[in-house]
Amino acid sequence: MASHSHAGHMPSSGKALVISAWLTGVYFVIELAVGLWTGSIAVLSDAFHTLSAVGGVLVAIIAQRIARRPADSARSFGWYRAEIIGALVNGGFLLGMALLVIWMGAMRLGNPIHLATGPMLWVAFGGLVTEVISLGLMWQSSKDDLNARGALWHIIQTFVGSLLIIVTALVIEFTGFLAIDPILGMAFGVVLLWASVGVIKEAAHILMEGTPEGTDLEAVTTDLRGQDGVLDVHHVHAWTLTSGKHAFSAHIRHGEPAEAADLLNRAYRRLTEQHGFHMVTLQLETECLDERHARDLDIVQIAAAKAAVALPFNLRRDAFGDNFCP
């Protein structure tokens, strides 16, 4: 699992993010003006996405600053989720722009107009310059910073949008095929729609305390269960605090109270070093506790109950051994 820098100072990607935000913001103003002047759907659609890229970079900057705030009694997990809320808002904004771009393209497709290709080419080439600079600044830091990597993908998408504008202008200039503008504009709108759904889906998954992507909870549970002295592992939970920071909790039942400290140390190191969890909470038990009130949240017990439901009660312990808690 990737790590995520939240040190007490601005991460190394901070300066790159700020410069990229300024470059992308200035380019958005220019691109929007040219899009309104020429009437190009392709230019306007890319301008809208450039605006979302500015938002994405700003979210990354704000998230880095807010995430440095320490936890307190009102927010025991700190301010990490500010990044996820920002991503959800950004995804919703991107979804709205995608639908607007598709609608504008559909309206224009029925009555395409002649476009001034010169300004389109100039604004596209200008965009490529700013985007190449931003990509160069952020590329290195994004390798170790998941927050910066998300902003980097926004810049990559605006880079593709600039290439589409160049294609649109050249096709119109040399073939006179005016419909290429709304067609490519709508196509890019579909790309924006796909990107927005992805952002919203990921943010909602995190806010719903979903298992982190790439985490095989069954494999982690099996690994813990295979440690010396472990009789049972249940109430297993894994969730994401913010991008790149995953938490894990579980109840571990063991047989020898004298070995509890050693077992806890081995399990903790296994989870943090081998499975990459940022925060680990383990409850050690020597007997089956009455946890019927929370059984609907215990995926291990739910799975065991489904497997044992067809067996007579006197055979269930034989089937599951000491791992079975009635």
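The values are calculated or read from the model by the stated rules, or taken from the named source; none is laboratory data. A quick note: this is a predicted structure, and the numbers were derived from the prediction, not measured. Every residue, glycine among them, receives a Cβ derived from its backbone with ideal geometry; neighbour counts consider all protein chains shown. Surface accessibility is based on the protein's heavy atoms, side chains included, excluding ligands, DNA and RNA. Shrake-Rupley method; radii C 1.70, N 1.55, O 1.52, S 1.80 Å.
Using a cut-off of 12 Å between beta-carbons, work out the net charge of the residues near PRO257 (Lys and Arg +1, Asp and Glu -1, PRO257 not included).
Details: positive: ARG253; negative: GLU256, GLU259, ASP262, GLU285, GLU287.
Here the count lands on -4.
Between GLU285 and residues 5 or more places away or on another chain, which pairs have amide H atoms under 5 Å apart, with H built 1.01 Å from N, and which residues are they?
The answer is ILE252, ARG253, HIS254.
Where only protein heavy atoms count, and the probe is 1.4 Å, what is the accessible area per residue for the range 190-310 in Å²? Each step should come with its number before you reach the end.
Working: 6670 Å² over 121 residues.
Value for the range 190-310: 55 Å² per residue.
At 1.4 Å probe size, with no ligands or nucleic acids counted, give the accessible surface of LEU178 in Å², nearest ten.
The accessible area comes out at roughly 40 Å².
Across the range 295-301, in residue order, what do the Karplus-derived ³J(HN,Hα) couplings come to in whole Hz, using 6.51 cos²θ - 1.76 cosθ + 1.60 with θ = phi - 60° and x for Gly and Pro?
Values per residue, Gly and Pro as x: 5, 5, 9, 9, 5, 5, 5 Hz.
Report the local net charge at LEU217: Lys and Arg +1, Asp and Glu -1, summed over other residues whose C-beta lies under 15 Å from its C-beta.
Numbers: positive: ARG225, ARG270; negative: GLU209, GLU213, ASP216, GLU218, ASP223, ASP298.
Result for the local shell: -4.
Using only C-alpha positions, report the orientation-averaged shadow area of the convex hull of the range 15-124, nm², one decimal. Mind dumping the intermediate values first?
Details: hull surface 31.9 nm².
So the Cα hull casts an average projection of 8.0 nm².
Could you give each residue of the range 70-87 its phi-based ³J(HN,Hα) in whole Hz, using Karplus coefficients 6.51, -1.76, 1.60 with θ = phi - 60°, and x for Gly or Pro?
Whole-Hz 3J(HN,Hα) from phi for the range 70-87: x, 5, 9, 5, 7, 9, 5, 9, x, 10, 4, 5, 4, 5, 6, 4, x, 5.
Largest first, please: the extent of the C-alpha atoms of the range 47-199 along each principal axis, to the nearest Å.
Principal-axis extents of the Cα atoms in the range 47-199, largest first: 64, 31, 19 Å.
Give me the Kirkwood hydrodynamic radius of the range 185-283 in Å, from all C-alpha pairs, to one decimal place?
Numbers: mean 1/r = 0.0655 Å⁻¹.
Final number for the Kirkwood radius of the range 185-283 is 15.3 Å.
Using the Cβ atoms and a cut-off under 12 Å, what net charge is assigned to the surroundings of ALA53, where Lys and Arg are +1 and Asp and Glu are -1?
Values: positive: none; negative: GLU31, ASP46, GLU131.
Charge balance near ALA53 sits at -3.
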